[in-house]
Amino acid sequence: MRTKVDIIDQIDGTCYCDAIIHEKDDEYYCRHDYVSSSIREACQDMVLSDEQLKVIRERLLRSINEGLSKETHASATVKCFITYVQDLPSGKERGKFLALDLGGTNFRILLITLGENHFDMKSKIYAIPQSIMTGSGVELFDHIAECLLNFIKDQGVYKQQLPLGFTFSFPCQQLGLTKGLLSQWTKGFNCSGVVGQDVVKLLKEALQRRGDSTVDLCAILNDTTGTLMSCAWKNPNTRIGIIVGTGCNACYIEKVENVELFDGDFSKPYVIINTEWGNFGADGSLDDILTEYDREIDRNSLNPGKQIFEKIISGMYMGEIVRLMLVKFTKQKLLFNGQVSEQLNTKGSFLTKYVSDIENDEKDNFTKCREVFHELGLSHASDQDCMNVRYICEIVSRRAAHLVSAGAATLINKMDFNSVTIGVDGSVYRFHPNFHDLMVGKITQMVKSNVKFDIMLSEDGSGRGAALVAAVASCSV
Ligand SMILES: Nc1ncnc2c1ncn2[C@@H]1O[C@H](COP(=O)(O)OP(=O)(O)OP(=O)(O)O)[C@@H](O)[C@H]1O
């Protein structure tokens, strides 16, 4: 007789599948039972056991400690950059602030008004053409400066000298609140002449070249810091900010005495550390869990060998991992009657959004899945193909959620607070139907038993968070 527990064990020990579609004579079947066994077997290398996740936590903690240590910081893969943000918002911040948000799919400019228990936000999205993303740094910052000046003119605040927080979501070594040296480009950007340079200075120079700027650039930050700050504005218990969007990164609150390179204000007990954990694994410490798909993605990326943790989690790569699996399994005649479409064969054609769409279908219906297949020239798919592809999407997104959870649990256990709120932002977390629940389940298993935690969706961390950092900094630097 098969019980519910047998099913859970059979799948991978952590089946969250709530879709028990057949329950008869005390026998239970979940929809994973209807996935072809050949597909289940072929996906096994994507499943991480609790033991593997424990090892990943231990290695990540070691990498974080290497980033924090004076002796090992230079060679560390997880840099643990000091943000120089030492105060969380009190909720009493007031005024008008500008924010620039650069670091992923969109470039945004925002005008934020903080008032009592409310905030107002006007924002505009500007495109960054591919030619600028991989052109020269001067072109990039000239483009940003031009958009900024157009925005403040449109908003009627051109004459006011407003504080500006610049969310620049690439790995930066900060030397103060207004000085950040770019360590490396990620997420498809590759502008020449910027790595090793102070991006605040480059933006200020671009504004000066235009000669008509009146903004007061008073803080540079990462979107993780913005996420933590924007959640802390609502919930002072927030001690971690995580992004699962185009990229993946996290920041947390660390005691200043644990940060050996800290040269900020020692009268304050904590400082936010931008871990840049996306680069975890660049020293080979994740090699034993990487699959052939992960390796192919890395080989074909703009930054081979780097950002390995990010590449097995984030939205920039998740859809492509699924696509590579689908192509391989189709060639092996495990899917689509062995017929690969031209679209499916095209790099980048399987959007990460499709993973959410497919997993969003009701348990016995493949409406969204069939829409995706139609887009991909796979209208010949059978119901069995739909079942199998949904399983593949689940396996890939679940691995991502479990890896982020391992990271979050590492930080929670390291900080040693009794209660922690985690602020999370990014479209993968926001729109994937199970990401939040998967994280809650896995983190619960991994944190010390006396710690309570909850996960809160950040409302526009990159924008409001930048304004809050600018506000808290009071533009004193
Ligand atoms: N519905 C969805 N489900 C899952 N992923 C999605 C969805 N929509 C978009 N994405 C993915 O999310 C990523 C974009 O994330 P987000 O919207 O948070 O932007 P971002 O600011 O560029 O990210 P980051 O903060 O990492 O720089 C893209 O890789 C995209 O494929």
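Brief remarks follow.
- Enumeration of residues in segment 288-340 that are of a type in the set (D, E, K, R), over 22 Å from the mean Cα position of the chain (by Cα) and in a loop (DSSP other than H, G, I, E, B): Lys333
- Some residue of segment 389-409 being basic (Lys, Arg), under 20 Å from the mean Cα position of the chain (by Cα) and closer than 19 Å to Ser36 by Cβ: yes
- Taken over segment 346-368, the residue count meeting the criterion of being under 14 Å from Gly319 (Cα atoms) and either crowded, with 16+ Cβ neighbours inside 10 Å or β-branched (Val, Ile, Thr) (or both) is 12.
- Annotation: of all residues in segment 70-83 being of a type outside the set (Val, Ile, Thr) and surrounded by fewer than 16 Cβ atoms within 10 Å (Cβ to Cβ), the one that is farthest from the chain's Cα centre (by Cα) is Glu71.
- Of residues in segment 369-393 being within 14 Å of the ligand (Cβ to nearest atom) and without any contact (Cβ under 8 Å) to a residue 40 or more places away in the chain, the one surrounded by the fewest Cβ atoms within 10 Å (Cβ to Cβ): Glu371
- Taken over segment 209-225, residues that are in a loop (DSSP other than H, G, I, E, B) and either surrounded by 23 or more Cβ atoms within 10 Å (Cβ to Cβ) or polar (S, T, N, Q) (or both) amount to 3.
- When segment 278-307 is limited to residues that are among the aliphatic types (A, V, I, L, M) and within 16 Å of the ligand (Cβ to nearest atom), the one that is surrounded by the fewest Cβ atoms within 10 Å (Cβ to Cβ) turns out to be Leu302.
- Test: residue in segment 349-357 that is touching a residue at least 24 places away in the same chain (Cβ under 8 Å), acidic (Asp, Glu) and not in a loop (DSSP other than H, G, I, E, B): no
- In segment 400-418, the condition of being farther than 17 Å from Ser49 by Cα, within 15 Å of the ligand (Cβ to nearest atom), among the acidic types (Asp, Glu) and outside any helix (DSSP H, G or I) is met by no residue.
- Selection count where residues are surrounded by fewer than 24 Cβ atoms within 10 Å (Cβ to Cβ), over 26 Å from Ile39 (Cα atoms) and over 16 Å from the mean Cα position of the chain (by Cα), scope segment 421-448: 7
Conditions (1) out of contact with any Leu (no Cβ under 7 Å at 6 or more places or on another chain); (2) in contact (Cβ under 8 Å) with a residue 40 or more places away in the chain, marked per residue:
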position	(1), (2)
Thr291	yes, yes
Asn303	yes, yes
Phe309	no, yes
Met316	yes, yes
Leu324	yes, no
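- Number of positions in segment 426-471 that are away from the ligand (no atom under 12 Å from the Cβ) and either touching a residue at least 12 places away in the same chain (Cβ under 8 Å) or in a helix (DSSP H, G or I) (or both): 28
- Out of Ser314, Ser397, Ser405, sole residue that is in contact with a strand residue (DSSP E or B) (Cβ under 8 Å, 6 or more places away or on another chain), among the polar types (S, T, N, Q) and under 30 Å from Asn274 (Cβ atoms): Ser314
- Leading residue by the ranking (modelled with the lowest pLDDT) among those in segment 84-105 that are within 16 Å of the ligand (Cβ to nearest atom) and crowded, with 17+ Cβ neighbours inside 10 Å: Gly104
- Residue tally, condition farther than 20 Å from Gly423 by Cβ and within 16 Å of the ligand (Cβ to nearest atom), over segment 107-133: 11
- Screening segment 226-271 for residues that are assigned to a loop (DSSP other than H, G, I, E, B) and within 15 Å of the ligand (Cβ to nearest atom) and picking the one that is surrounded by the most Cβ atoms within 10 Å (Cβ to Cβ) gives Gly247.
The values are calculated or read from the model by the stated rules, or taken from the named source; none is laboratory data. Everything numeric here is computed off the predicted structure, so don't read it as measured data. Virtual Cβ from ideal backbone geometry, glycine too; neighbours counted across all protein chains shown.
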